[in-house]
1. Where in region 33-126 are there helices (runs of 4 or more DSSP H), lying wholly inside it, with at least 3 residues that are surrounded by 18 or more Cβ atoms within 10 Å (Cβ to Cβ) and at pLDDT 95 or above?
2. In region 138-156, what count of residues is obtained for those that are more than 23 Å from ALA68 (Cα to Cα), in contact (Cβ under 8 Å) with a residue 24 or more places away in the chain and either of a type in the set (A, V, I, L, M, F, W, C) or not in a helix (DSSP H, G or I) (or both)?
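The values are calculated or read from the model by the stated rules, or taken from the named source; none is laboratory data. In this text the structure is predicted, and so the values were computed from the model without any measurement. Every residue, glycine as well, gets a Cβ built from its backbone with ideal geometry; the counts of neighbours run over all protein chains shown.
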Amino acid sequence: FLAAQADLQAFELDIYLNSPDLLAEALTKFEAALAQDRSQPLVLLAYASLLERVDREGAIAAYEEVIALGGDAEFMARFNLGALHVNQAAELGRRANQAEDDPTYQVLTEQVHAAMSQARPHLERAHELDPKDKATLTALEQITIQLNDAEAYQAYKAKREALP
């Protein structure tokens, strides 16, 4: 009975996860599930993914919680957390390119660098966990180019190109 109830709860959470128009309700459902048991890495991972839409810092904390739990979900938490920082860098880069004065451009450019620097260790760990994941290698190429690390860029590019 308990296993069937857990499966039903997982199915219900999956429905909420995949329904963007039910975001507020989905967050409430995930929070209720996690209030009962925060040791479920896949539920935490899905919750973090939802949080990205409304609470960046909350999403980061949830991804870090998944990472602390370890296990199979760590790869996805690391990848998603790295991607969250890369996406932040992309948005900051767009704002920098639209800046109308040099001081604003400089501040935003420094923030781009900081966001990429935050992304890098998460994606490097994701690469350690799954060395054959092309998306991770591609993200690491992008990061190392942005951080002017040509040697690392070439190494990641060679690894990606060597994959089938």
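1. Numbers: elements: 41-51, 56-69, 73-97.
Once the helices (runs of 4 or more DSSP H) in region 33-126 are filtered for at least 3 residues that are surrounded by 18 or more Cβ atoms within 10 Å (Cβ to Cβ) and at pLDDT 95 or above, what remains is 56-69, 73-97.
2. Count: 2.
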